[in-house]
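The values are calculated or read from the model by the stated rules, or taken from the named source; none is laboratory data. Remember, it's a predicted structure, so these values are computed and weren't measured experimentally. No Cβ is skipped: glycine too gets one built from the backbone with ideal geometry, and neighbour counts run over all protein chains shown.
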Amino acid sequence: MTAEILNNIFAQDEKDILQEVMNIAFGQASAELAEVIDIFVILSVPDIQVLQGSDLPGYLCRELQTSGTVNIIEQNFLGKFAGQALLIFPSGAEKDLLTLFNQDQEFINNDIDMDTLERETLIEVGNILIGACIGKIAELLADVVTYDPPRLMAKDLCLEDCNKSPVAPDSFVISIRTVFRFEEQNVEGYLFLITNQKSIDWLKKALFAFLESFG
Amino acid sequence: MIFSQIFETINTGLVVLDKEMCVRHWNRWMALHSQIDSSEIVGRNLFDFFPELNRPHFIRNCRSVLAFGHFCFFSQKLHKYLFPMPPAGSLAEEFDHMQQSCSMGPLRNESGEVESLYLSVQDVSEVVSYQKKLVRMNQTDPLTGVYNRNFMESQLAKEVVRCQRFGHELSLLMIDVDLFKNVNDNYGHQCGDYALKEITRRISAKIRQTDFLIRYGGDEFCCLLTETAPAQSLKVAELLRQQICDTPFLFKEHEFSSTISIGVAGFDENDVDVESLLRKADSALYQAKQSGRNTVVNTAS
Amino acid sequence: MLKSILIVDDSPVARMIMKKCLPTDHGLTIYEASNGQEGVERYFSHKPDLTFMDLTMPVMDGFQALSTIKQRDPDAVIIVATADIQEKVLSRVTTLGALHTIKKPPSKEALKDALERATQALKH
Ligand SMILES: [Mg+2]
């Protein structure tokens, strides 16, 4: 099913360019993230799938292979390339992220309860990770993107019980999945970029323009 | 021309910073609220004026905006404010500093490269004040002013997690006013209300700031004693019982006495959740009632 | 003067971009391989003057291919091509014996510089 939709939407050469653009974008994003946040971060080779919106929960469930619960950070981005980014961490990862990103205990004495601190850390880290990946894709494809504030779409959500898709069921979803790994804390997160038909049309043109910019 | 007018007159703080964190623009709103004129700060490093911003978190966000051209949002919930400024008008009674919601974004040159960044500062003190009021209303019992059951459920869940994680002690007192119906029947509901208020006043005076008194139902109260072992909480319960029965109540021309029964339960490793702790306290309270009221019963006994 | 170049990359598009950016007037022979293992095999069957090595590849990644080739042929001239040029990656490939690293996507200038470095290295 998945491969079928992918083949219907992208020709082989388009798929190959898309894959390489994502390889470069995510590679550059990890290099610059390491510099910006001072933490060694590894982004896996992005895996690109096209699916139907209604198939997304099942797909997430299989991909994440988690029987536990997850936290989902959502952020909309708007440019010629537009859509919705979903960053998914297993529940509990927010504690490790907090240790990682709040090493100098900046917020501990600020009469903020732990729950808020963990939520806000998830959102801020999500904003940087999503911005890094989208920012690099936009840069490679000569697009300028703006963003809505990120929000914590779901806290401790059980994917297996969840049959409601986070996107419109009849929409097409290009899922670009990467796994983040912060070496010091061993936190894993998944990023999915969900985009629409209009962006796909633009994307195809931009992919060839990217290729033509060489030589 | 139009844009510079907007920049100066908009009801939002606007700052432009270059890659070295040097201030390039500082609008009138910023000048008015920070008491720093743009002629003083433009061309100077932001951290010379606001050393509290020179911390990893802020710098990390600046760097990421410059590197990726995305936006950063500094939530009021986490930061309270970025720029320390006095709150406007009567809000000064509630806040030490103006509560701010700030965001940051890239500014590009003609070739599209990110060259500098802007910061916008929004005064959200009034919204925060309103939110606080709503939260308070949602958590308190209107008659007695102590916490309500809604608050208790979320607080108890948090405390239980804390106990499990850090091995803290936690005790729960389930308190019921003995034969409260008689007060209402004999002296009227107004008097009943007075009795409930007086009882919570006496209890509140004897517990610590870190403990929580909750009106659980009509004449049922609950006391959460944090970091308190059962032996200690028994003493507290006994003290509370005396506070009620030792001094008669006085409402208009009526003088009457009242007593309370208390069931005490301590959190231990057998308690998997909130429910099991509540059940223990409830059954202790039931025993207290059975044994003739005006008594304290511990789960262990 | 360089006569032959091997491009090891799992992405056909990355190999295409690399070829497009290489100078055309040299009469270079270009060999290609689509993963690390194939890269090792092609290296020893063709003995190219210069090898461009991608890092993230299936079957055998670039780190392993680089170290395998350098162990068997310490004189091999290998330049790593990667988008992820963070410090830890650079120091690791240098330790494994890479001559140089270029950032992906490559620019013509970066490739010209890489070819010059390779030419210098071959002389020694
Ligand atoms: Mg590759």
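Residues considered: C:8, C:89, C:93, C:13. Of these, the only one that is under 13 Å from the mean Cα position of the chain (by Cα), within 17 Å of residue A:24 (Cα to Cα) and within 16 Å of the ligand (Cβ to nearest atom) is C:8.
Got at least one residue in the stretch A:56-77 being surrounded by fewer than 21 Cβ atoms within 10 Å (Cβ to Cβ) and within 16 Å of the ligand (Cβ to nearest atom)? No; the residues of the stretch A:56-77 include none that is surrounded by fewer than 21 Cβ atoms within 10 Å (Cβ to Cβ) and within 16 Å of the ligand (Cβ to nearest atom). Filter the stretch B:51-93 down to residues that are away from chain A (no Cβ under 14 Å) and surrounded by 17 or more Cβ atoms within 10 Å (Cβ to Cβ), then give me how many there are. So the answer is 3.
Condition check: of a type outside the set (A, V, I, L, M, F, W, C), at the interface with chain A (Cβ under 10 Å from one of its Cβ atoms), within 11 Å of the chain's Cα centre (by Cα) and buried (at least 23 other Cβ atoms within 10 Å of the Cβ). Does residue C:84 satisfy that? So residue C:84 does not fit the description; no. The residue that is nearest to the other protein chains (Cβ to nearest Cβ), counting only those in the stretch B:34-46 that are in a helix (DSSP H, G or I) and either closer than 15 Å to residue B:117 by Cα or in contact with a strand residue (DSSP E or B) (Cβ under 6 Å, 6 or more places away or on another chain) (or both), is B:46.
Of the residues screened, residue C:65 is not one that is crowded, with 20+ Cβ neighbours inside 10 Å, within 10 Å of the ligand (Cβ to nearest atom) and of a type in the set (Gly, Ala, Ser).
The number of residues in the stretch A:59-72 that are modelled with pLDDT under 80, of a type outside the set (Val, Ile, Thr) and more than 15 Å from the chain's Cα centre (by Cα) comes to 4.
When only residues in the stretch C:38-62 that are of a type in the set (Ser, Thr, Tyr) and away from every other protein chain (no Cβ under 14 Å) count, which is nearest to the ligand (Cβ to nearest atom)?
C:51
Per the listing C:20, C:3, the residue uniquely away from the ligand (no atom under 16 Å from the Cβ), touching an Asp or Glu at 6+ places or on another chain (Cβ under 7 Å) and of a type in the set (D, E, K, R) is C:3.
Mind listing just one residue for me: the one in the stretch A:15-49 that is within 16 Å of the ligand (Cβ to nearest atom) and at pLDDT below 85 and, of those, farthest from residue A:184 (Cα to Cα)? The extreme case among them is A:45. Checked against (1) part of a helix (DSSP H, G or I); (2) surrounded by fewer than 21 Cβ atoms within 10 Å (Cβ to Cβ), residue A:153 passes all but condition (1). Would the stretch A:35-44 turn up any residue that is over 23 Å from residue A:212 (Cα atoms), within 14 Å of another protein chain (Cβ to nearest Cβ) and free of Cβ contacts under 8 Å to residues at least 12 places away in the same chain? Yes, the stretch A:35-44 has at least one match.
Residues considered: A:188, A:124, A:106. Of these, the only one that is modelled with pLDDT under 85 and either under 18 Å from the mean Cα position of the chain (by Cα) or buried (at least 18 other Cβ atoms within 10 Å of the Cβ) (or both) is A:188.
Residue-by-condition table, conditions (1) within 19 Å of residue A:124 (Cα to Cα); (2) at the interface with chain C (Cβ under 9 Å from one of its Cβ atoms); (3) out of contact with any strand residue (DSSP E or B) (no Cβ under 6 Å at 6 or more places or on another chain):
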| position | (1), (2), (3) |
| --- | --- |
| A:9 | no, no, no |
| A:24 | no, yes, yes |
| A:57 | no, no, yes |
| A:69 | no, no, no |
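The single condition among (1) surrounded by 15 or more Cβ atoms within 10 Å (Cβ to Cβ); (2) out of contact with any Phe, Trp or Tyr (no Cβ under 9 Å at 6 or more places or on another chain) that residue C:18 does not meet is (2).
Would you confirm whether any residue within the stretch B:152-170 is buried (at least 16 other Cβ atoms within 10 Å of the Cβ), assigned to a strand (DSSP E or B) and over 17 Å from the mean Cα position of the chain (by Cα)? Yes, the stretch B:152-170 has at least one match. Taking (1) at pLDDT 85 or above; (2) within 8 Å of chain B (Cβ to nearest Cβ) in turn, residue A:141 satisfies each apart from (2). Scanning the stretch B:141-163 for residues that are over 20 Å from residue A:115 (Cβ atoms) and without any contact (Cβ under 8 Å) to a residue 60 or more places away in the chain turns up B:142, B:145.
Every listed requirement among (1) of a type in the set (S, T, N, Q); (2) at pLDDT 95 or above; (3) surrounded by 14 or more Cβ atoms within 10 Å (Cβ to Cβ) is met by residue B:39 save one, (3).
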